[in-house]
1. Identify, from the list Ala68, Ala117, Ala81, Ala95, the residue that is more than 16 Å from Pro190 (Cα to Cα), buried (at least 24 other Cβ atoms within 10 Å of the Cβ) and not assigned by TED's automatic domain parsing to the domain that holds Ala188.
2. Where residues in the range 168-183 are in a helix (DSSP H, G or I) and of a type in the set (Gly, Ala, Ser), which of them is surrounded by the fewest Cβ atoms within 10 Å (Cβ to Cβ)?
3. Consider the range 25-61. How many of its residues are of a type in the set (A, V, I, L, M), touching a strand residue (DSSP E or B) at 6+ places or on another chain (Cβ under 7 Å) and without any contact (Cβ under 8 Å) to a residue 24 or more places away in the chain?
4. Quick check on Leu73: is it at pLDDT 90 or above and part of a helix (DSSP H, G or I)?
5. Of the residues that make up the range 117-135, is at least one touching a helix residue (DSSP H, G or I) at 6+ places or on another chain (Cβ under 6 Å), in contact (Cβ under 8 Å) with a residue 24 or more places away in the chain and closer than 30 Å to Ala286 by Cα?
6. Tell me which residues, restricted to the range 260-298, are surrounded by fewer than 21 Cβ atoms within 10 Å (Cβ to Cβ), of a type outside the set (Asp, Glu) and in contact (Cβ under 8 Å) with a residue 12 or more places away in the chain.
7. Taking helices (runs of 4 or more DSSP H) that do not extend beyond the range 249-294, which have at least 3 residues that are touching a Ser or Thr at 6+ places or on another chain (Cβ under 8 Å)?
8. Quickly run through the range 104-118 and pick out the residues that are among the small types (Gly, Ala, Ser) and either within 13 Å of Leu194 (Cα to Cα) or in a helix (DSSP H, G or I) (or both).
Amino acid sequence: MPGEFELIERYFRTGFPSREDVVVGIGDDAAVLAPPPAGRQLVVAVDTLVEGVHFPPDFDAADLGYRALAVNLSDLAAMGAEPAWMTLALTLPKADEAWLVTFARGLREAAAPWRVALVGGDTTRGPLTVTIQLLGTVPAGQAIRRSGARAGDGVHVTGTPGDAAMGLLCLQRGIEGAAAEHCRRRFARPEPRLALGHALRGLASAMIDISDGLLADLDHLLDASGVGATIQTPRVPRSDAFRDCLAALPESDRTRAAHFPLAGGDDYELCFTVPPEHEAEVCCIAERLGVPVTRIGTIEMVQGLRVMDEDGRNMVVKTLGYDHFRENG
């Protein structure tokens, strides 16, 4: 059975994108990176995925490698930043070489389009856990934060929230078919909206990525900005695959799953606000990039999140989204 250093050498030292700004990569006590050039700032994000909490047991290793980086790429997308380097901390129950080959392949597939270099990390023994720290850059003063939304701004969302949570439920229930596979892939391989995030610099007033659920993450944005919002639930986009899966679920799951577009989590789409004068330009950019963007509500002076149903009535939402340290129904 290979030891720690053999694992690193065999599966993670080569095959990842190379970069001129990596002075010293894997193989020393720490990486040495050239600092960002003048006029750019460093952006850092980190996420941990734990078996049984963030992904089910026996989850495909390639999908896990891809997903572990994609969730971090989504964080940088929400800041309008460009990724550059990552470190990997991998905790394994055992040194399963077939699993490692597959995991590393998925990680490389996520890294390649964005030239993300793997520059270091750690391996240890224990319950399956993947932690990736991702570093990138953004033009100085142009990072998009959660705190810039103002009354009158439109609230927008990319893609079709709810697909990922539906995909996980289909995995858990053993539901198969084209619609279930579409949703399962949205859970396993989220698509970071990096190109749109970059294009929204100077246009979006605030932005956040949707990890815990649309309403929960929008609520974080509202708190940071000191404003409120009204959301029209009929405007929240739902994919055909989501609707097909919802119809296929047993009655015991259907009511809860119907709220996934609002509170399901794991979408890694972007929720952002746009001043009225930039709405048309944002729509043109989204169309050019081929990213579906939907306006779902409006920012208001009065704080709090108001969620309206199809009849214009204020909905009572019991759970806005996922919270690690609370009961999640």
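1. From the options Ala68, Ala117, Ala81, Ala95, the qualifying one is Ala81.
2. That would be Ala178.
3. The total comes to 2.
4. Yes.
5. yes
6. Residues satisfying the conditions are Pro275, Pro276, His278, Ile285, Ala286, Leu289, Val291, Pro292, Thr294, Arg295, Thr298.
7. Correct list: 260-263.
8. Answer for the range 104-118, where residues must be among the small types (Gly, Ala, Ser) and either within 13 Å of Leu194 (Cα to Cα) or in a helix (DSSP H, G or I) (or both): Ala104, Gly106, Ala110, Ala111, Ala112.
The values are calculated or read from the model by the stated rules, or taken from the named source; none is laboratory data. No experiment lies behind these values; they were computed from the predicted model shown. Neighbour counts run over all protein chains shown; Cβ positions are idealised from the backbone, glycine included.
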